[in-house]
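Scroll down for the structure; my scribbles are underneath it.
Quick note: the coordinates plus some simple rules give every number you see, no bench work behind them. This structure is a prediction, so every number in the text was calculated from the model and none was measured. Please note: Cβ atoms are built from the backbone with ideal geometry, for glycine as well, and neighbour counts cover all protein chains shown.
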Amino acid sequence: MKTYIHMGHLVRPHGILGEIVVNWYAISPFSSKTPFFIQKAAEEPKSVTVASYRLHNERLLVKLVEVNNRDQAELLRNYKLLTRRENLPAIDKDEAYICDLLGSKVVLPDGKLIGHFDHVLKGATQIWSIMTEENLEILFPAEPDFIKNFDLAAHIITIDPPEGLLELYLGQD
């Protein structure tokens, strides 16, 4: 399992004092007490300290101790915001972190392969992007009623999608 978990993405500077707009991917609320790291591409993660954070127009703004002005914040554009797995809350055996499910095969209850879990779209509800072998994207509402099981060891997620969803994307009857 991954040591570092991708929690958000540093998007762009905000203002002149070094605040940074963050796309926050985690369902859990932001906590400045959590130890964070930043990472550019495949470079080694670097520790950072959150001085403050706030919401502005429904966007998370973060001020890092290491960043004092807009120019320094600009240099961090497109960095990942990470934390270590051990800093995350413990989960129940019937739960999983999304990062551990990404790339898993997605199958129907009868075992038929639909595709692979590619990424999550954030919105009012969580939407999973499932990519088929034909490179078609299926947008799947990740509601508990539609997710029947996941096997982390085998990297398999079993879904039972709402009626008509697969036909809509795959053009099947």
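Rounded to the nearest 500, what is the chain's calculated 222 nm mean residue ellipticity when only DSSP H runs of at least 4 contribute -39500 (n - 2.57) each, over all residues?
-1500 deg cm²/dmol
Please report the base-10 log of the normalised intensity I(q)/I(0) for the chain, using a Debye sum with one equal scatterer per alpha carbon and no solvent, at each q in 0.17 (1/Å).
Those come out to -1.06, one per q.
Checking the table Lys93/Lys122; Lys40/Lys112; Lys80/Lys148; Lys40/Lys63; Lys46/Lys93 against a 26 Å threshold on Cα-Cα, which pairs fail?
Where the Cα-Cα span goes over 26 Å, the pairs concerned are Lys40/Lys112; Lys80/Lys148; Lys46/Lys93.
Please work out the Cα center distance from the stretch 117-162 to the stretch 41-77, rounded to the nearest Å.
31
Assuming R0 = 30 Å, can you tell me the calculated FRET efficiency for the pair Asn69 and Thr132, based on Cβ-Cβ distance, to the nearest 0.05? Spell out each step's value before the answer.
Details: r = 46 Å, r/R0 = 1.55.
Efficiency for this residue pair is about 0.05.
Order these peptides, 141-151, 14-24, by their mean beta-carbon neighbour count within 10 angstrom, highest first. Please report the intermediate quantities before stating the final value.
Working: 141-151: 13.2, 14-24: 17.9.
Descending mean neighbour count gives 14-24, 141-151.
If r is the Cβ-Cβ distance from Lys148 to Asn78 and R0 is 41 Å, what FRET efficiency results, to the nearest 0.05?
So the FRET efficiency works out to roughly 0.65.
What does the extension gain come out to for Lys122 and Gln39, with contour length at 0.36 nm per residue minus their alpha carbon separation? Please list the in-between numbers first.
On the way: separation 83, 0.36 × 83 = 29.88 nm, distance 2.16 nm.
Fully extending the segment from Lys122 to Gln39 adds 27.7 nm.
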